[in-house]
Amino acid sequence: MDVIYHYDGSFEGFLSCVFDSYAHKEIPAGFCSGEDGVFSLFDSRTVPTDPDHAARVLQKVAALSPEAAVLLRRGFLTCLAEKELRLFQVVAKLLREGPGFLRNRSDETLYPVIRAVQHLNGEVHLLKGFVRFSDLGGVLGGEIEPKNRVLPVLGGHFSARFHNERFFLYDRTHKEALFHVPGQSVIRPLADFQMAPPDKTEARYRLLWKRFYDTIAIKERENPRLRMSNMPKRYWGTMTEFQGEEHFIPRTSPGAVSGPGAPAGISAPGTPPPPGPSAPGSGP
């Protein structure tokens, strides 16, 4: 019987769907998460997240192939179309045939997931160099606009690099933020966020960075195509050197926009966020 599985969008929720499919001896025709609605002629079933069921599935996958377990975690963070169905097919083939097919990167079941994870890893690598932090009253703040859910992977890099700092990194695409204080990091959903304007000191540093970037450029060797190859244009929206004049106006200036750095109800990054549901997904 073909059925659409509705789940909460979390990694544990997806693994619970895998468990249910075997418990009910059915192959899902698709997956639907959160409040997204799917119009379909298939029957639908809501699968509650069960940590025990999820752990059993992940343990089974890891026992057969530790590589497949990592691929499953990373694959869930990608922007691959119908990723849940693709990942389910990989798990089903692993359980049916064993890990041998994982050696064949061109396998029709495996290849789309491998490519998606490569894209995720490439985006994480680029953002390690493209993230621009601002000093907002002693707290470092930055924004990114990735295609994949990179924070669970990228967060470890910045938490290790700035382990004694207080900082946050907001993902505009997936509406979630990494908050870090010394000794603790957490990812939380954050639906509405607007970065506070800089103070005079931060505005001055931003301007110095832009002037440095402009000054070291050699006009005679300008190569826009090569620049966009090494620094894709879709990342420019959050990079200091490509911003307009308003990005360099301090909040004490008449032209500055007043307002908090985060909406009411969101804890300052200087203190651990309150207990609450984690953002969908799971780190690798």
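Condition test on VAL90, is it of a type in the set (A, V, I, L, M), without any contact (Cβ under 8 Å) to a residue 60 or more places away in the chain and either within 24 Å of VAL124 (Cα to Cα) or not in a helix (DSSP H, G or I) (or both)?
It is true that VAL90 is of a type in the set (A, V, I, L, M), without any contact (Cβ under 8 Å) to a residue 60 or more places away in the chain and either within 24 Å of VAL124 (Cα to Cα) or not in a helix (DSSP H, G or I) (or both).
For region 63-87, which residues satisfy the criterion of being in a helix (DSSP H, G or I) and among the charged types (D, E, K, R)? Step through it out loud before you land on a result.
Looking only at region 63-87, we keep the residues that are in a helix (DSSP H, G or I), and these are 63-64, 66-76, 83-87.
Those that are in a helix (DSSP H, G or I) and among the charged types (D, E, K, R): GLU67, ARG73, ARG74, LYS83, GLU84, ARG86.
Go through SER16, SER44, SER21 for me and flag whichever is in a helix (DSSP H, G or I), of a type in the set (Ser, Thr, Tyr) and more than 22 Å from the chain's Cα centre (by Cα). Outline the logic, then answer.
Details: SER16 fails: more than 22 Å from the chain's Cα centre (by Cα); SER44 fails: in a helix (DSSP H, G or I).
Residue meeting the stated conditions: SER21.
I'd like to know if region 144-164 contains one or more residues that are of a type in the set (Phe, Trp, Tyr) and over 17 Å from GLN243 (Cβ atoms).
Quick first cut of region 144-164, residues of a type in the set (Phe, Trp, Tyr) only: 158, 162.
Then keep just the ones that are over 17 Å from GLN243 (Cβ atoms); that gives 158, 162.
Scanning region 144-164 turns up at least one residue that is of a type in the set (Phe, Trp, Tyr) and over 17 Å from GLN243 (Cβ atoms).
Across region 194-207, what is the total count of residues that are in a loop (DSSP other than H, G, I, E, B) and in contact with a Phe, Trp or Tyr (Cβ under 9 Å, 6 or more places away or on another chain)?
Number of matching residues: 2.
If you check LEU80, LEU85, which single one turns out to be surrounded by 14 or more Cβ atoms within 10 Å (Cβ to Cβ), under 19 Å from the mean Cα position of the chain (by Cα) and over 21 Å from ILE187 (Cα atoms)?
Numbers: LEU85 fails: under 19 Å from the mean Cα position of the chain (by Cα).
After ruling out the rest, the residue left standing is LEU80.
Conditions tested, residue by residue: (1) over 20 Å from the mean Cα position of the chain (by Cα); (2) β-branched (Val, Ile, Thr).
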position	(1), (2)
SER159	no, no
THR173	no, yes
PRO182	yes, no
PRO197	yes, no
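Residues GLU26, GLU108: which one is on the phi < 0 side of the Ramachandran plot, of a type in the set (Asp, Glu), without any contact (Cβ under 8 Å) to a residue 24 or more places away in the chain and surrounded by fewer than 17 Cβ atoms within 10 Å (Cβ to Cβ)? Full working, then the answer.
Details: GLU26 fails: without any contact (Cβ under 8 Å) to a residue 24 or more places away in the chain.
Testing whether each residue is on the phi < 0 side of the Ramachandran plot, of a type in the set (Asp, Glu), without any contact (Cβ under 8 Å) to a residue 24 or more places away in the chain and surrounded by fewer than 17 Cβ atoms within 10 Å (Cβ to Cβ) leaves just GLU108.
What's the number of the only condition in (1) outside the structural domain of LEU80 (by TED's automatic domain parsing); (2) over 17 Å from THR240 (Cβ atoms) that ALA116 fails to meet?
(1)
Could you grab me the full set of residues in region 92-121 that are more than 21 Å from the chain's Cα centre (by Cα), more than 24 Å from TYR22 (Cβ to Cβ) and not hydroxyl-bearing (Ser, Thr, Tyr)?
Passing the criteria: ARG103, ASN104, ARG105.
Which one of these is without any contact (Cβ under 8 Å) to a residue 40 or more places away in the chain, under 23 Å from CYS79 (Cβ atoms) and assigned to a strand (DSSP E or B): ALA191, ALA177? Write out each step before concluding.
Values: ALA191 fails: assigned to a strand (DSSP E or B).
After ruling out the rest, the residue left standing is ALA177.
Checking the conditions here, which among ASP192, ASP199 is among the acidic types (Asp, Glu), out of contact with any strand residue (DSSP E or B) (no Cβ under 6 Å at 6 or more places or on another chain) and under 26 Å from LYS147 (Cα atoms)?
On the way: ASP199 fails: under 26 Å from LYS147 (Cα atoms).
Sole residue among the options that is among the acidic types (Asp, Glu), out of contact with any strand residue (DSSP E or B) (no Cβ under 6 Å at 6 or more places or on another chain) and under 26 Å from LYS147 (Cα atoms): ASP192.
Take the conditions among the basic types (Lys, Arg) and either outside the structural domain of PRO197 (by TED's automatic domain parsing) or exposed (fewer than 13 other Cβ atoms within 10 Å of the Cβ) (or both) and apply them to ARG172. Does it pass?
It is false that ARG172 is among the basic types (Lys, Arg) and either outside the structural domain of PRO197 (by TED's automatic domain parsing) or exposed (fewer than 13 other Cβ atoms within 10 Å of the Cβ) (or both).
Would you say PHE168 is touching a residue at least 60 places away in the same chain (Cβ under 8 Å), out of contact with any Ser or Thr (no Cβ under 9 Å at 6 or more places or on another chain) and within 13 Å of SER134 (Cα to Cα)?
Numbers: touching a residue at least 60 places away in the same chain (Cβ under 8 Å): yes; out of contact with any Ser or Thr (no Cβ under 9 Å at 6 or more places or on another chain): yes; within 13 Å of SER134 (Cα to Cα): yes.
When the stated conditions are applied, PHE168 passes them.
Run GLY237 past the list (1) modelled with pLDDT under 80; (2) in contact with an Asp or Glu (Cβ under 7 Å, 6 or more places away or on another chain) and report the number of the one that doesn't hold.
In the conditions (1) modelled with pLDDT under 80; (2) in contact with an Asp or Glu (Cβ under 7 Å, 6 or more places away or on another chain), GLY237 misses (1) alone.
Considering only residues of region 111-165 that are without any contact (Cβ under 8 Å) to a residue 24 or more places away in the chain and outside any helix (DSSP H, G or I), which is surrounded by the fewest Cβ atoms within 10 Å (Cβ to Cβ)?
ASN164
The values are calculated or read from the model by the stated rules, or taken from the named source; none is laboratory data. Since this is a predicted model, take the numbers as computed values, not measurements. Every residue, glycine as well, gets a Cβ built from its backbone with ideal geometry; the counts of neighbours run over all protein chains shown.
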